[in-house]
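*Asks:* Once you've had a glance at the structure underneath, I'll fire off some questions.
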Amino acid sequence: MSRTSPGRNHLRRTAAAATAAGLALALAACGSDDADASSSGGGGDGHGELSVQLSWIKNAEFAGEYMADSNGYYTDAGFSSVNLVAGPSTGVAELVQGSAQVALSDAVSIGTAVANEDAPVKIFGTTYQKNPFTILSLADGGNIATPQDMVGKKIGVQDSNTSLFKALLAANGIDESQLTIVPVQYDPSVLVNGEVDGFVAYLTNESITVAAKGKPVTNLPFADNGLPFVAETFTATDQTIAEDREMLKDFLVAEIKGWTDAIKDPAAAVDVDLADYGSDLGLVRENELKSAQIANDELITSSDTEANGLFTISDELQSETLESLSGAGIDVSAEDLFDLSLLDEVYEENPDLLDYAG
């Protein structure tokens, strides 16, 4: 997520981004008995317009969406147009209000909304098998390669990521008193300047931009150190899932095709983004290509996706996600958080889509 403007550096989608007050207003205004949450044109040969709320700015993170759009897969799926709305946003408020029919979010944000606000939303697939959160450090500085390396160190933690960081500590048997939590924003300059030894970051963002400045880095990924959960999740309201199943299934077909293209040729997907979708963001091609490659190789594909197709959330990954949420104080069940029946039906009806690497 390369960014050139200081104004963008402090932005991040997190569970706290959709505040309890804002979501409560959305729930009160809309409720579960509102008019159809989808802008679908209904039956017939097409679904009309679709609005997809992205979790972040239009960078390489959404390469599959750009390919689905530019290669005509959304059109083939019956959509007259698909509006990719730039974030940052968790997407929950947009879904509940009906301004978006699908949101790309994460299990923490959705789990928080379901557990704390009884939001009528569910995850029906995920782009990222592994979340990209990491403790970023300088190789010639804090060099935090294991959880125990955090002991005695100063760790920069954004306010909205505090519960997640504490869950990481709990998962690794580390007490808060064994280190110093330093409140920071999202600008990693505090790490480069030596104000902190470690910094909560993204593998596909700050880790790349800091390294690109000639600073060798060390990463401690949350997903590999006791805190796995899915991210860039496809989420919709319960009502949309119930009433517009075919629309969502057609959307998934287009998405699988788009991400298949992005995985096979990440450079082409990045170039499409730079030429069109993120053309006004000052994105650096080298950084964006690195971000796409990391996402493809480490976050999006896995042994589960090889066996069961893209966007899969296995029973094991569901359990791991729920355990991670529990560690962050989010109490929610699999039934309340996930509905993977649409994805199951898509692959049953389109078995050729399973082979995304073919």
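*Asks:* Any lysines with Cα under 17 Å of the Lys122 Cα? List them, leaving off those in the same chain fewer than 8 positions away.
*Replies:* Straight-line reach from Lys122, under 17 Å: Lys249.
*Asks:* Moving on to the next point. Which whole-number percent is the relative contact order of the chain (Cα, under 8 Å, 6+ apart)? Can you show the working numbers first?
*Replies:* Details: 737 pairs, mean separation 92.7, N = 358.
Worked out over the chain, it gives 26 percent.
*Asks:* With a cut-off of 8 Å between alpha carbons and a minimum separation of six or more residues, what is the relative contact order of segment 109-239 in percent? Provide the component values of the computation, followed by the final result.
*Replies:* Working: 234 pairs, mean separation 58.5, N = 131.
The normalised contact order for segment 109-239 reaches 45 percent.
*Asks:* Please list 202-211, 310-319 highest first by mean number of surrounding beta-carbon atoms within 10 Å per residue. Each step should come with its number before you reach the end.
*Replies:* Values: 202-211: 22.4, 310-319: 18.8.
My ranking of the peptides, most packed first, is 202-211, 310-319.
*Asks:* Can you tell me the orientation of helix 285-294 relative to the chain, as the angle in degrees between its alpha-carbon axis and the longest Cα principal axis, to the nearest 10?
*Replies:* That works out to roughly 80 degrees.
*Asks:* Of the listed peptides 171-182, 222-233, what is their order by residue-averaged count of other C-beta atoms within 10 Å, with the highest listed first?
*Replies:* Details: 171-182: 13.4, 222-233: 23.0.
Ranked by mean Cβ neighbours within 10 Å, highest first: 222-233, 171-182.
*Asks:* With a 1.4 Å probe and all protein chains left in place, how much accessible area per residue does segment 77-119 have, in Å²? Spell out each step's value before the answer.
*Replies:* Values: 1200 Å² over 43 residues.
In whole numbers, segment 77-119 has 28 Å² accessible per residue.
*Asks:* I'd like the orientation of helix 245-264 relative to the chain: the angle between its Cα long axis and the longest Cα principal axis, in ° from 0 to 90, rounded to 10.
*Replies:* Roughly 50 degrees between the two axes.
*Asks:* Angle between the Cα long axis of helix 315-327 and the longest principal axis of the chain, 0 to 90 degrees, nearest 10?
*Replies:* Taking Cα atoms only, the helix is inclined about 50 degrees.
*Asks:* With every protein chain kept in place and ligands, DNA and RNA left out, what is the accessible area per residue of segment 268-358? Probe 1.4 Å, answer in Å². Don't skip to the answer; put the middle values down first.
*Replies:* Working: 4390 Å² over 91 residues.
Per-residue value: 48 Å².
*Asks:* Also, I was wondering about something else. In whole percent, and with a 1.4 Å probe on the protein chains, what portion of the accessible area of the chain is carbon and sulfur? Working shown, then result.
*Replies:* Numbers: 6240 of 13660 Å².
With neighbouring chains kept in place, the figure for the chain is 46 percent.
*Asks:* Still on this structure, I have one more. Once the piece of chain linking Asn308 and Asn193 is laid out straight, how much longer is it, given 0.36 nm per residue of separation minus the C-alpha distance between them? Walk me through the numbers on the way to the answer.
*Replies:* On the way: separation 115, 0.36 × 115 = 41.40 nm, distance 4.47 nm.
Length gained between Asn308 and Asn193: 36.9 nm.
*Asks:* Right, here's the next one. For the chain, give me the percentage of DSSP beta bridges that are antiparallel, rounded to the nearest 5 percent. It would help to have the intermediate numbers written out before the result.
*Replies:* On the way: 20 of 36 bridges.
Within the chain, antiparallel bridges account for around 55 percent of the total.
*Asks:* OK, next. Once you have a ≥ b ≥ c as the square roots of the Cα gyration tensor eigenvalues for segment 81-228, tell me rounded if a/c is under 1.5, and otherwise prolate or oblate according to whether a/b is larger than b/c. Intermediate results must be reported in sequence, preceding the final value.
*Replies:* Numbers: a/c = 2.34, a/b = 1.68, b/c = 1.39.
It is prolate, given that a/c is not under 1.5 and a/b is the larger ratio.
*Asks:* Evaluate E = 1/(1 + (r/R0)^6) for Glu286 and Asp76, where r is the Cβ-Cβ distance and R0 equals 30 Å; express this FRET efficiency to the nearest 0.05.
*Replies:* On the way: r = 33 Å, r/R0 = 1.08.
Once the sixth-power term is evaluated, E becomes 0.40.
*Asks:* Could you sort 64-70, 106-112 so that the peptide with the highest average Cβ count within 10 Å comes first and the rest follow in order?
*Replies:* On the way: 64-70: 25.1, 106-112: 28.0.
Sorting 64-70, 106-112 by mean packing, highest first, produces 106-112, 64-70.
*Asks:* Something else: What is the distance in Å between the Cα centroid of segment 128-168 and that of segment 316-358?
*Replies:* Taking the Cα centre of each part, segment 128-168 and segment 316-358 sit 26 Å apart.
*Asks:* Pick out which of Ala139, Ala86, Ala60 has the largest mean-square fluctuation in a Gaussian network model of the chain, springs linking Cα atoms closer than 10 Å.
*Replies:* Result for the chain, Cα springs under 10 Å: Ala139 fluctuates most.
*Asks:* Relative contact order of segment 147-188, please, whole-number percent, based on alpha carbon pairs below 8 angstrom and at least 6 residues apart. Show your work: numbers first, answer last.
*Replies:* Values: 40 pairs, mean separation 24.2, N = 42.
Relative contact order comes out at 58 percent.
The values are calculated or read from the model by the stated rules, or taken from the named source; none is laboratory data. Keep in mind that what you see is a predicted model, and the values were worked out from it rather than measured. Don't worry about glycine lacking a Cβ; one is built from the backbone with ideal geometry, like all the others, and counts go over all protein chains shown. Side chains are part of the model used for accessible areas, which takes the heavy atoms of the whole protein and leaves out ligands, DNA and RNA. Shrake-Rupley method; radii C 1.70, N 1.55, O 1.52, S 1.80 Å.
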